[in-house]
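*Asks:* Got a structure for you, written out below as structure tokens; questions coming shortly.
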Amino acid sequence: MLKKHLGFGLNLLALGLFFPGILLTMFTMDMEMQALLSGSSLSSSLIDKELSIMATVEELWQGERFLVAALIFGFSVCVPLLKTSLVTIGYFIKNQVRAERLYNFVGIIGKWSMADVFVVAIFLAILSTNHADTASAKSLSVFGFSINLELSTQTLSAVGEGFYYFLGYCLLSLLGCQLLHSAAKTSCKASGA
């Protein structure tokens, strides 16, 4: 019985981490270009973004990348909320056989909700080009004058606090579901079902 209450409590705590996880900044990216032209310098920010999961979905939707936006929204928002709803129903069901079936189903869809963790990992791997500098130098000759042109870019990326909230949600939710499922199995075996 303690496992059941602890598992449900962990899922409620996970839900408390879920909303900051999808609303707060998941990662930041800053890309700056600098041009040196015969001693003079000009710099410009090419990209300066802070994106959360929901901001990413909104940006993809506005950019008419509907499939990707829908997949990220489905796996990152809808499936976790469905999973939490089903866990709550399972917690209050008196029939332990039904509760165990529900937890089995939650385990199945829980694997699908891990797809968003995979997507976030790919985003972070792509954006982990912290301090990636590129530079190229050219020398131009115009009407007898020599002009030296050097272009360089610097990319900085960092994980935001939303990443840690979302990571906490994933871990606590997984642990809570495991405890609930284990408690339901134990209860079913004890009752002889």
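The values are calculated or read from the model by the stated rules, or taken from the named source; none is laboratory data. Computed from a predicted structure; not experimentally measured. Glycine also receives a Cβ, built like all others from the backbone with ideal geometry; neighbour counts cover every protein chain displayed. To get the accessible areas, we keep the full protein, side chains included, count just its heavy atoms, and leave off ligands, DNA and RNA. Shrake-Rupley method; radii C 1.70, N 1.55, O 1.52, S 1.80 Å.
*Asks:* Could you tell me which numbered condition E161 fails, if it satisfies all but one of (1) under 25 Å from V77 (Cβ atoms); (2) modelled with pLDDT under 75; (3) open to solvent by 50 Å² or more (accessible area, probe 1.4 Å)?
*Replies:* So the condition that E161 fails would be (2).
*Asks:* Only one of these conditions is not met by I89: (1) touching a residue at least 40 places away in the same chain (Cβ under 8 Å); (2) outside any strand (DSSP E or B). Which number is it?
*Replies:* (1)
*Asks:* Run K94 past the list (1) open to solvent by 60 Å² or more (accessible area, probe 1.4 Å); (2) in a helix (DSSP H, G or I) and report the number of the one that doesn't hold.
*Replies:* (2)
*Asks:* Follow-up question, since we're still on this one. Quick one: in segment 14-30, of everything that is part of a loop (DSSP other than H, G, I, E, B) and in contact with a strand residue (DSSP E or B) (Cβ under 7 Å, 6 or more places away or on another chain), which residue is surrounded by the most Cβ atoms within 10 Å (Cβ to Cβ)?
*Replies:* For segment 14-30, the residue satisfying everything is M26.
*Asks:* If you check L172 against the conditions, is it within 16 Å of the chain's Cα centre (by Cα) and touching a residue at least 60 places away in the same chain (Cβ under 8 Å)?
*Replies:* The answer is yes for L172.
Okay, residues lined up against (1) closer than 30 Å to G7 by Cβ; (2) open to solvent by 80 Å² or more (accessible area, probe 1.4 Å); (3) at pLDDT below 85; (4) touching a Gly at 6+ places or on another chain (Cβ under 6 Å):
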position	(1), (2), (3), (4)
S45	no, no, yes, no
S52	yes, no, no, yes
E59	no, no, no, no
F66	no, yes, no, no
A70	no, no, no, no
R101	yes, yes, no, no
F105	yes, yes, no, no
V120	yes, no, yes, no
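*Asks:* Quick one: would you say G74 is within 30 Å of S187 (Cβ to Cβ) and surrounded by 14 or more Cβ atoms within 10 Å (Cβ to Cβ)?
*Replies:* no
*Asks:* Here's another thing I want to ask about it. Could you list, in sequence order, the residues of segment 31-84 that are free of Cβ contacts under 8 Å to residues at least 40 places away in the same chain, among the charged types (D, E, K, R) and part of a strand (DSSP E or B)?
*Replies:* Once the filter is applied, which keeps residues that are free of Cβ contacts under 8 Å to residues at least 40 places away in the same chain, among the charged types (D, E, K, R) and part of a strand (DSSP E or B), segment 31-84 yields D48, K49.
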